[in-house]
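S.K.: Here it is, the structure, as structure tokens.
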Amino acid sequence: MSAETESSAQPYDQGAWWRDAVVYQVYPRSFADANGDGEGDLPGVLSRLGHLADLGVDAIWLSPFYPSPLADGGYDVADYCDVDPRYGTLADFDALVAAAAAKNIKVIVDIVPNHCSAEHPWFRTALAAGPGSPERERFVFRDEPNNWQSVFGGPAWTRVPDGQWYLHLFDSGQPDWNWRHPDVVAMFERVLRFWLDRGVAGFRIDVANMLFKQDGLPDVVPGSQGGPLTPGHTSMPYEHQPELLDLYRSWRKILDSHPGDRGTAPACTAPACTAPACTTPACTVAEMWFGHPDQARPYMTGDGLAQLFGFGLMPTPWSAEEFRTVIDASHRLARETGGSIPWVLGNHDVPRMVTRFGVDQDLVRAPTPEVLLGRMDVDVELGTRRARAAALLLLALPGGAYIYQGDELGLPEHLAIADEARQDPMFERTLRTFIGRDGCRAPLPWSGTTPPYAFGAGDTWLPQPEDWAALTVAAQRGDPGSTLNLYRAALAIRRDHPALGDGDLTWLDTPPGVLAFARDPGFTLMVNFGAEPVPLAWHHDVLLASGPLDGDLLPPDTGVWLS
Ligand code: GLC
């Protein structure tokens with residue numbers, strides 16, 4: 001980091017609400033379907049807010065619900081300032097924000113700035129205007145493509161009938177914006193203000209490391225890797241360009257200066273808060289995979305992004321040592337910078353943790369072609385035990401946490417989707433060598449014993465498994481040992497316990513295969529990743545355990561909160 005960057009850094013607001021918030025990710029298409037068309041919608045979310053309030057989350061993040069041809073499940077946005085009729089109306093959105101605020105739940109929306117939909121009016125105008133037109137300057141059109149590949153597989157360029165090519169780092173239905181064009185910059189500022197005016201508490205920024213492309217669009221050097229930085233890694237020419245830092249600083253200024261009610265926020269402790277008209281700043285949380293802290297550090301200057309997701313645990317196999325390495329790296333980075341890196345164990349892009357932890361862990365370290373096709377033995381019972389222990393770890397770590405919808409129910413990945421029913425563009429774009437991300441997006445089971453489990457009235461846009469009767473919200477609500485009640489209990493304790501939320505941790509000495517840390521005052525977490533029971537650390541009380549304890553022994557694949 002340069003001296004200039006350092007000197008412009010602002011101290012992070014240590015009291016900001018998002019630093020210890022538990023945010024629940026709603027993937028609207030799969031959450032709850034109020035109008036019976038087989039796809040979830042905003043009135044569906046509103047109708048199930050009680051579930052989220054009972055769970056005890058602080059905020060929800062809504063994946064895109066904007067008008068979209070759904071080439072990539074809504075991450076192909078045709079209009080950034082409206083609601084797709086499938087999902088409802090702007091009035092439904094306003095009603096949801098108001099009802100959530102009444103339950104003390106804030107609403108974060110997804111902003112997708114790297115690309116739009118091929119149906120976006122500006123892209124259609126650009127196509128019609130032809131080569132050399134000012135309209136094409138808002139996108140990345142060229143007479144010749146370079147060698148860039150799409151993140152979803154295949155070339156990152158598609159040819160249009162007049163012979164030019166346009167860049168799309170994802171699906172061909174997702175043309176990349178030209179972020180060096182002032183219209184694009186101004187348009188997204190309007191988009192931020194539009195949603196801030198409607199009372200959102202923040203933005204999740206999609207593929208926040210891309211947006212700007214290196215001048216001249218140089219070819220990718222063969223052998224270089226995108227994504228997480230590893231020693232010897234060269235960033236791709238479409239990642240981490242220096243202009244991103246200034247862009248996020250300018251967004252932060254908009255967010256910080258924009259008056260607005262971010263939910264009712266009665267518990268807001270931000271120094272800037274002037275209740276009763278609370279103007280605590282809105283949050284930005286960046287989707288950015290980083291493998292090495294040096295890759296993330298420049299963004300964590302205090303005056304740009306509020307948060308980067310801590311994704312490191314998602315690809316990590318069930319191993320105390322490997323978990324600890326990831327936790328240490330993220331936590332150290334957060335402490336050094338004063339920044340905030342909320343922990344994540346699942347989202348709509350990765351296989352669900354019950355399944356990840358229920359397979360031979362070498363397959364997590366190095367997925368084989370068979371695994372990419374969903375062909376592997378899964379021990380769901382083992383995976384569930386581990387996922388429950390992991391939930392206690394997630395919610396005991398210092399800082400905020402994100403919970404992906406359905407993880408509170410212990411849902412496994414739905415692997416048995418027929419090829420014809422698959423929707424994720426990655427399936428076809430990888431020439432069917434990777435089944436894609438549909439398996440974690442199956443519609444939620446609410447009650448009943450057969451599909452659609454009260455998700456809606458009829459067939460669902462993606463099939464649900466036949467064996468989810470015991471996993472529905474209704475089935476789990478009354479079962480004290482259910483995963484749902486484990487999450488509810490953990491969140492209730494977390495809300496009141498002075499040691500939990502933001503802060504620090506101290507690792508305790510443990511035998512190999514066991515993780516244990518203390519948090520002040522008077523809290524200890526232990527997780528046994530190993531195969532043998534181990535003695536519980538010194539304690540007065542067992543606050544919560546992810547599975548049965550064996551006297552004073554912590555069984556394998558079990559986590560416990562002690563005081
Ligand atoms: C992000 C989203 C993912 C989407 C991609 C392209 O990674 O999480 O679902 O496909 O961006 O927008």
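S.K.: Roll a 1.4 angstrom probe over the protein heavy atoms and tell me the percent of accessible area of the range 14-145 that is carbon or sulfur.
M.R.: 49 percent
S.K.: Per residue of the range 505-513, in order, report the coupling 6.51 cos²θ - 1.76 cosθ + 1.60 (Karplus, θ = phi - 60°) as ³J(HN,Hα) in whole Hz, putting x for Gly and Pro.
M.R.: 9, 10, 5, 9, 5, 9, x, x, x
S.K.: Report the FRET efficiency, 1/(1 + (r/R0)^6), for A531 and T368, where r is their Cβ-Cβ distance and R0 is 22 Å, rounded to 0.05.
M.R.: Using R0 = 22 Å, I get an efficiency of 0.35.
S.K.: Taking amide H positions as placed 1.01 Å from N in the peptide plane, with prolines and chain starts having none, which residues 5 or more places from W177, or on another chain, fall under 5 Å of its amide H?
M.R.: H115, C116
S.K.: Here's a follow-up. Quickly rank 452-464, 111-123, 539-551 as a protection proxy: mean count of other C-beta atoms within 10 Å, highest first.
M.R.: Highest mean packing first, the order is 111-123, 452-464, 539-551.
S.K.: How large is ³J(HN,Hα) for each residue in the range 377-389, as worked out from phi by the Karplus curve 6.51 cos²θ - 1.76 cosθ + 1.60 (θ = phi - 60°), to whole Hz, x for Gly and Pro?
M.R.: Working through the residues one at a time gives 7, 10, 9, 5, 5, 5, x, 5, 4, 5, 5, 5, 5 Hz.
S.K.: Here's another thing I want to ask about it. Residues in the range 14-40 near a label at D459, defined as backbone nitrogen under 11 Å from the 7 Å Cα→Cβ point?
M.R.: Within reach of a label on D459: 38.
S.K.: Under 5 Å between amide H atoms, partner at least 5 residues away or on a different chain: which partners does D110 have, H built in plane at 1.01 Å?
M.R.: L62, R204
S.K.: Separate question: Between D379 and D162, what is the spin-label point distance in nm, taking each point 7 Å from the Cα along the Cα→C-beta axis?
M.R.: Once both label points are built, they end up 6.1 nm from each other.
S.K.: Can you give the net charge of the other residues whose Cβ lies under 11 Å from the Cβ of D256, counting K and R as +1 and D and E as -1?
M.R.: After counting each charged neighbour, the total is +1.
S.K.: Can I ask one more? When the Karplus curve 6.51 cos²θ - 1.76 cosθ + 1.60 is applied with θ = phi - 60°, which whole-Hz ³J(HN,Hα) does each residue of the range 91-107 get, with x for Gly and Pro?
M.R.: 5, 5, 4, 4, 5, 5, 4, 5, 5, 5, 4, 5, 9, 6, 10, 8, 10
S.K.: Can you say what percent of the DSSP beta bridges in the chain, counting only those with both residues inside, are antiparallel? Round to 5.
M.R.: Of the beta bridges lying entirely in the chain, close to 50 percent run antiparallel.
S.K.: Helix 182-197: angle to the longest alpha-carbon principal axis of the chain, degrees 0 to 90, nearest 10?
M.R.: Helix 182-197 sits at roughly 40 degrees to that axis.
S.K.: Summing +1 for each Lys or Arg and -1 for each Asp or Glu, what net charge is found among the other residues whose Cβ lies under 10 Å from the Cβ of G38?
M.R.: Result for the local shell: -2.
S.K.: Pick out, from T449, G339, P281, the residue whose Cα sits farthest towards the positive end of the charge dipole of the chain, with +1 on the Cβ of Lys and Arg and -1 on the Cβ of Asp and Glu.
M.R.: In the chain, that residue is P281.
S.K.: Could you order the peptides 371-378, 239-246, 504-511, 339-346 from most to least packed, using the average number of other C-beta atoms within 10 Å per residue?
M.R.: Taking the mean over residues of other Cβ atoms within 10 Å, the ranking is 339-346, 239-246, 371-378, 504-511.
S.K.: Rounded, prolate or oblate: which fits the range 446-538 when a ≥ b ≥ c are the square roots of the eigenvalues of the alpha-carbon gyration tensor, with rounded for a/c under 1.5 and prolate only if a/b beats b/c?
M.R.: prolate
S.K.: In deg cm²/dmol and to the nearest 500, what is the mean residue ellipticity at 222 nm of the chain if only DSSP H runs of at least 4 residues count, each as -39500 (n - 2.57), divided by the residue total?
M.R.: Helices in the chain give a 222 nm mean residue ellipticity of -7500 deg cm²/dmol.
S.K.: Nearest 20 debye, what's the magnitude of the dipole of the range 428-563 about its Cα centre given +1 on Lys and Arg Cβ and -1 on Asp and Glu Cβ?
M.R.: Result for the range 428-563 is approximately 520 debye, rounded to the nearest 20.
S.K.: Related question: Set Lys and Arg Cβ to +1 and Asp and Glu Cβ to -1, take the dipole of the chain about its Cα centre, and tell me which of G199, V534, T430 lies farthest positive.
M.R.: Sorting the options by dipole projection puts first G199.
S.K.: Over the range 459-534, what percent of the accessible surface lies on carbon and sulfur atoms, probe 1.4 Å?
M.R.: Heavy-atom surface of the range 459-534 belonging to carbon and sulfur, 1.4 Å probe: 52 percent.
S.K.: Right, here's the next one. Defining a contact as two alpha carbons under 8 Å apart and six or more residues distant in sequence, what relative contact order in percent does the range 1-92 show?
M.R.: With pairs under 8 Å counted, the relative contact order is 24 percent.
S.K.: On to the next question. How would you classify the range 298-379 from its alpha-carbon gyration tensor, with a ≥ b ≥ c the square roots of the eigenvalues: rounded for a/c under 1.5, else prolate if a/b is greater than b/c, otherwise oblate?
M.R.: Prolate is the answer for the range 298-379, as a/c is 1.5 or above and a/b outweighs b/c.
S.K.: Under unit Cβ charges (Lys, Arg +1; Asp, Glu -1), what dipole magnitude, rounded to 20 debye, does the chain have relative to its Cα centre?
M.R.: The calculation lands at about 740 debye.
S.K.: Moving to a separate point now. So, counting K/R as plus one and D/E as minus one, what does the shell of residues with Cβ under 11 Å around C440 add up to?
M.R.: Computed value for this residue: -1.
S.K.: Taking Cα atoms, how many degrees apart are the long axis of helix 320-337 and the longest axis of the chain, rounded to 10 and kept between 0 and 90?
M.R.: Result, in degrees: 60.
S.K.: Quick query: amide H of W157 versus all other amide H atoms, modeled in the peptide plane; which residues come in under 5 Å with a sequence gap of 5 or more or a different chain?
M.R.: H168
S.K.: How much area per residue is accessible in the chain when the probe is 1.4 Å and only protein heavy atoms are counted (Å²)?
M.R.: Roughly 37 Å² per residue, with all protein chains present.
S.K.: Mean separation of Cα pairs under 8 Å and 6+ residues apart, divided by the residue count of the range 52-189: what relative contact order is that in percent?
M.R.: The normalised contact order for the range 52-189 reaches 21 percent.
S.K.: Of the peptides 397-404, 323-330, how do they stack up when ordered by the mean number of other Cβ atoms within 10 Å, highest first?
M.R.: Put in order of decreasing packing, that is 397-404, 323-330.
S.K.: OK, next. Place +1 on the Cβ of every Lys and Arg and -1 on the Cβ of every Asp and Glu in the range 348-415, take the dipole about the Cα centre, and give the residue among V380, L409, T368 whose Cα lies farthest towards its positive end.
M.R.: Of the candidates, L409 comes out farthest on the positive side.
S.K.: Decide, for the chain, between rounded, prolate and oblate: order the square roots of the alpha carbon gyration tensor eigenvalues as a ≥ b ≥ c, take rounded if a/c falls under 1.5, and otherwise choose prolate if a/b is larger than b/c, else oblate.
M.R.: Note, shape of the chain comes out rounded.
S.K.: Over the alpha-carbon set of the range 52-142, divide Rg by the Kirkwood Rh and report the Rg/Rh ratio to two decimals.
M.R.: Checking Rg against Rh, the ratio lands at 1.12.
S.K.: OK, next. Label-point separation (nm) for S319 and A416, each offset 7 Å from Cα along Cα-to-Cβ?
M.R.: According to this spin-label approximation, the distance is 3.2 nm.
S.K.: Let me ask something else. Residue separation times 0.36 nm, minus the C-alpha to C-alpha distance between D467 and C81: what's the value?
M.R.: Gain on stretching D467 to C81: 135.1 nm.
S.K.: Taking 8 Å as the Cα distance limit and 6 or more residues as the minimum spacing, I'd like the relative contact order of the chain as a percentage.
M.R.: Result for the chain is 14 percent.
S.K.: Given a Förster radius of 30 Å and the C-beta distance between W538 and D479 as r, what FRET efficiency does 1/(1 + (r/R0)^6) yield to the nearest 0.05?
M.R.: Once the sixth-power term is evaluated, E becomes 0.45.
The values are calculated or read from the model by the stated rules, or taken from the named source; none is laboratory data. Bear in mind that the values here come from a model prediction, so they are computed numbers and not experimental data. Positions of Cβ are backbone-derived with ideal geometry, glycine not excepted, and every protein chain shown enters the neighbour counts. In case anyone asks, the SASA skips ligands and DNA or RNA and just uses the protein heavy atoms, side chains included. Shrake-Rupley method; radii C 1.70, N 1.55, O 1.52, S 1.80 Å.
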